[in-house]
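Just below is one structure, and these are the notes that go with it.
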Amino acid sequence: IAGARALVEKSLLRYDLTTGHEPRFVMLESIREYARARLNALGLADEVAHWHARYFEQLSQTAAHELADAQHDLWLQRCELELNNFRAALQWCRQQAPAIGLQLAANLCDFWYLRGLLTEGRAWLDDLLARGAECPDNRRVTALTASALLAVHQGDLSHATQTASEALRLSRASGDGNGIARALHGLGNVALYQSHYAQAEAFYAEALPWYLEHGPRAHAAQVMNNLGLVAKDQGDFTRAIRYFEDSLALRRDIGHQHGIAQSLLNLANAAYWQGNFDRTLELAGQALDLSRHTGYALNVGYALEALGMAWLKQGQLDRAGDALRESAAHFAKLGDKKGSALVLIGLGTLARVQAQWVEAAQLHRESLKLCVQIGEKRRLAFCLEGLALVACSQARFRRTVTLLAAAHILRAAAGAPLPAIEQVEIDRALTEARAALNESAFDAAWAAGKTMSVDEVVDLALGNEPLAADSPAA
């Protein structure tokens, strides 16, 4: 400290008191360049860079532990302050010390995720995994599971499956219980977003006991939360709410604010699907405030989407549009394709309610393309239903019936029933179509949708057909 103060007095370093934490020393760029040149001249540059990388690897290890505990807010801010140091260390490690870099990048997994730095985090991880093929298995497992988590939110489920499966293979071979739990957790995430609910539940159920016994408890709470998502998507809201509440209680006990925000949001979504829109607004509002306060970037987008959809159901279209558009911009900035697919459905629904048929169809098709890309079968069904309702509004009844039949089959195969609050509108569209078409035309359109492959129905849904209405029934 005395040496640093002496350098400050000579204007070679300066204090930075703007961070809100302990004072930090900042080196002027001209001094930095001179120091770098001297280190190179003395042949010490790599040695100093190695010390720097090892220090920040150790700091990231502490951060990984603290980000799963009550001090996570403080450590998120600390990681933010040190981000340029982390980047410098990672860049040096790419060529000189892949094993150190691999551990450093993996330790920052929660930071990459919570701050929405999905693309950057995964780029470091995948590059260092490729360069560090000879790294110890335990380091590779940590990096593989981190890459899988980020890939899921980018919609790259193929990569997530590959990396999590490799992590599971390595962990089972070495008897690494923590690695096994993390890999199972990752595979559960993939199965959940592919609507393979029985498989997802099995993966999560195997991972949960390890986390409950050995920790971190934040991971146990996350698995409980995800089991709630499995139940919610299958229409079992009672069981879903129980999981969400158990997860929330554990997160409150830990003091894990980001987790609390996520649990509140999932309880808001459960209330939405039960038709309790006031409760949705209350809980989603709390989740949004907490997410913004703690810098939980991804959850901000999902909370805005939940608020927008609740306002839409209540007929507050201006507020709904503002929230949904802000959510869409947020997801686009973060590169979260899963979130983008979700909010585009909401924007398409808003456009349809406002009788903007062309825009509504375009938005649903954009979402459908993302759903196909990331393997989201449940939301793909929502896209088909949205396009069917647009077609019904345009008196294109054969198309309405065919798309709804295909969505019905897709939901049945996935085990993801249409929520009751949406069923009324679907039934109304089918009734209108049946009245407009003769019985044989209706049955033929329904049979066509039931027998289409997923690729065929996607081609139909994406087709830019004329907007001509069907002929009335004879």
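Brief remarks on what is shown
- Once region 202-221 is narrowed to residues that are within 24 Å of Gln154 (Cβ to Cβ) and at pLDDT 95 or above, the residue that is surrounded by the most Cβ atoms within 10 Å (Cβ to Cβ) is Ala221.
- Complete set of residues in region 60-82 that are part of a helix (DSSP H, G or I) and either surrounded by fewer than 19 Cβ atoms within 10 Å (Cβ to Cβ) or charged (D, E, K, R) (or both): Gln61, Thr62, His65, Glu66, Asp73, Leu74, Gln77, Arg78, Glu80, Leu81
- In region 253-273, the residues that are of a type in the set (Gly, Ala, Ser), crowded, with 19+ Cβ neighbours inside 10 Å and either farther than 25 Å from Trp311 by Cβ or out of contact with any helix residue (DSSP H, G or I) (no Cβ under 8 Å at 6 or more places or on another chain) (or both): Gly259
- Taking every residue in region 295-308 that is closer than 16 Å to Tyr113 by Cα and pairing it with any residue that is buried (at least 24 other Cβ atoms within 10 Å of the Cβ) and of a type in the set (Val, Ile, Thr), at least 6 positions away or on another chain, the pairs with Cβ-Cβ distances below 9 Å are Gly301/Val343; Tyr302/Val343.
- Residue match in region 236-252 (condition: surrounded by fewer than 22 Cβ atoms within 10 Å (Cβ to Cβ), at pLDDT below 95 and of a type in the set (Gly, Ala, Ser)): no
- Boolean, Gly295 is touching a helix residue (DSSP H, G or I) at 6+ places or on another chain (Cβ under 7 Å), surrounded by fewer than 20 Cβ atoms within 10 Å (Cβ to Cβ), at pLDDT below 95 and not assigned by the TED database to the domain that holds Ala420: yes
- Here Ala320 passes the criteria (1) of a type in the set (Gly, Ala, Ser); (2) closer than 26 Å to Leu149 by Cβ; (3) touching a Leu at 6+ places or on another chain (Cβ under 9 Å) except the one numbered (2).
- Qualifying position, being farther than 25 Å from His153 by Cα and either touching a helix residue (DSSP H, G or I) at 6+ places or on another chain (Cβ under 6 Å) or of a type in the set (Phe, Trp, Tyr) (or both), among Leu59, Leu39, Leu90: Leu39
- With respect to the conditions (1) closer than 21 Å to Asp73 by Cα; (2) more than 21 Å from the chain's Cα centre (by Cα); (3) at pLDDT 95 or above, Asp278 lacks only one, and its number is (1).
- Flag if Lys333 is at pLDDT below 95 and farther than 20 Å from Arg122 by Cα: no
- Residues that are β-branched (Val, Ile, Thr) and within 16 Å of the chain's Cα centre (by Cα) were ranked within region 154-195; the one that is nearest to Pro209 (Cα to Cα) is Val190.
- So Gly321, is it assigned to a helix (DSSP H, G or I), without any contact (Cβ under 8 Å) to a residue 60 or more places away in the chain and under 22 Å from Phe277 (Cβ atoms): yes
- Count of region 301-327 residues which are surrounded by fewer than 24 Cβ atoms within 10 Å (Cβ to Cβ) and touching a Ser or Thr at 6+ places or on another chain (Cβ under 7 Å): 1
- Single residue of region 429-455 satisfying the filter (modelled with pLDDT of 95 or more and of a type in the set (Asp, Glu)) that is nearest to the chain's Cα centre (by Cα): Glu432
The values are calculated or read from the model by the stated rules, or taken from the named source; none is laboratory data. Fair warning: this is a prediction, and the values are worked out from it, not measured in the lab. Glycine also receives a Cβ, built like all others from the backbone with ideal geometry; neighbour counts cover every protein chain displayed.
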